[in-house]
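Read the structure below first, then the notes.
The values are calculated or read from the model by the stated rules, or taken from the named source; none is laboratory data. Keep in mind it's a predicted model, so treat the numbers as computed, not measured. Methodologically, a virtual Cβ is constructed for each residue, glycine included, from the backbone with ideal geometry; neighbour enumeration extends over all protein chains shown. Calculation scope for accessible area: heavy atoms of the full protein, side chains included, ligands and nucleic acids excluded. Shrake-Rupley method; radii C 1.70, N 1.55, O 1.52, S 1.80 Å.
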2 protein chains.
Amino acid sequence: MPPNNRSNPLALAVLSCLYERPMHPYEVAQTLRHRAKHESIKLNYGSLYNVVEGLEKRGFIRVTETVREGRRPERTIYEVTETGSREFIDWLSALITTPVKEYLQFEAALSLLPALPPGEAAALLRERINELEHRLNFSKLTMDNMRKAGLPRLFGVENEYVEALMQAELDYVRNLVKEIEGGTLEGLEMWQHWFEGDTDKRPPPPTPEL
Amino acid sequence: MPPNNRSNPLALAVLSCLYERPMHPYEVAQTLRHRAKHESIKLNYGSLYNVVEGLEKRGFIRVTETVREGRRPERTIYEVTETGSREFIDWLSALITTPVKEYLQFEAALSLLPALPPGEAAALLRERINELEHRLNFSKLTMDNMRKAGLPRLFGVENEYVEALMQAELDYVRNLVKEIEGGTLEGLEMWQHWFEGDTDKRPPPPTPEL
DNA sequence: TGACAATTACTCCAGTCCGAGTATTCTATG
DNA sequence: CATAGAATACTCGGACTGGAGTAATTGTCA
């Protein structure tokens, strides 16, 4: 099994660069950095060279030439193949049409929330609200600057998307805090009782299902 | 460096189970499954046993006993330690207060969207809208059933959260399609021109920045 | 001009993750 | 009652990730 079966989006990003013109891996990295793609796609050197190797093994890219300038380390230049181009378009299309389940850390945390006493939980959630507000503001300022620098919105859609998600999270958390503190969250009483007698600070065993 | 420095949320889930009572790893897995936590926290056996080993090495859990029933494979039962309990609460609290940057596949895809011709992109996004609508509906039905089965909302907050994100994504994508098809997306003309002359289907080099 | 930092272009490898595989026991069905 | 399938309880190896390390070159500022 050649490595890299559409698991790491970095491979997609590499294809996207080579789809424009042949490059050596380090130049791919620079390009992605300059275009701020590394904020949407995790990029580090170990993975990069690994992914490139994988793409080569699967026939999606091939070596054009290896050159040496002065006594700099050798640079291996790659180009995309015919099948590589098709893979790029197919993969990108698939990512757009079909949502994939992502395991978010906050989702995990929420699923374990009842392990904390309700008051504590509300306090922590308030902190998150603060953080989210700051980050959203910062993100919006950054976007404004990009626009002012002449970059059309088209090239910022991924940021707009992330902002939309942040806003939704903010709304949800704000409401959750209100429901905990206002006592309107279904199951709250049970939750509170669990931490009343300090018999043993064990969290409630949420009833199984299915 | 002992493995597992708060990178894998599965370790948090393991702690949460042992925080209730001692168990063997397989029972941890069963418990998480029955409580549907595996929908919020990626769970597979390789990782599970790895993570347990890591937690033991770091002193967060310890072996209570190993028993053998009949000729079944041996079961190693673990319990959480004092420092383990503290780690659990600290880690969970940190996840709640501080958002972490997640690299979403769709975010990656959006950042490469200009590689596709605008009409194509809009069509693919429409497909996603359809998928999202179906999944949202399904999720809502599932939640309804859980509620009807007597599970209070408190134990479904992680699903409510995910639904909120899906709804936000749906709204964003709907609007994006409208802007592409209505011609109001800034940068659209450049995008269209790029694919007009079928000179060479190369995507536009998005202007670098910073 | 000399020295210190940043950049270029990788390599290396210790973790980590993942999923197929294994071997036994319970369970349901004709 | 026999047998297929699910459940129990893991093991193992290969793939993948991430980040420190390397070694030369170019910029930079006193």
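Table for the structure above
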{"read-out": "Boolean, A:GLU65 is over 26 Å from B:LEU124 (Cα atoms), part of a strand (DSSP E or B), touching a Leu at 6+ places or on another chain (Cβ under 9 Å) and open to solvent by 20 Å² or more (accessible area, probe 1.4 Å)", "value": "no"}
{"read-out": "Segment B:71-84: number of residues that are without any contact (Cβ under 8 Å) to a residue 12 or more places away in the chain and part of a loop (DSSP other than H, G, I, E, B)", "value": "4"}
{"read-out": "Condition check for B:LYS42: touching a residue at least 40 places away in the same chain (Cβ under 8 Å) and within 12 Å of DNA strand C (Cβ to nearest atom)", "value": "no"}
{"read-out": "Helices (runs of 4 or more DSSP H) contained entirely in segment A:85-184, each with at least 2 residues that are surrounded by fewer than 19 Cβ atoms within 10 Å (Cβ to Cβ)", "value": "A:118-148, A:157-182"}
{"read-out": "Qualifying positions in segment A:9-32 - within 15 Å of DNA strand D (Cβ to nearest atom) and facing another protein chain (nearest Cβ under 10 Å)", "value": "A:PRO9, A:LEU10, A:LEU12, A:ALA13, A:LEU15, A:GLN30, A:LEU32"}
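Condition check ((1) more than 8 Å from every other protein chain (Cβ to nearest Cβ); (2) modelled with pLDDT of 95 or more) across all residues:
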site: B:ARG68; (1), (2): yes, no
site: B:VAL80; (1), (2): yes, yes
site: B:THR83; (1), (2): yes, yes
site: B:TRP91; (1), (2): yes, yes
site: B:ALA94; (1), (2): yes, yes
site: B:THR97; (1), (2): no, yes
site: B:GLU102; (1), (2): no, yes
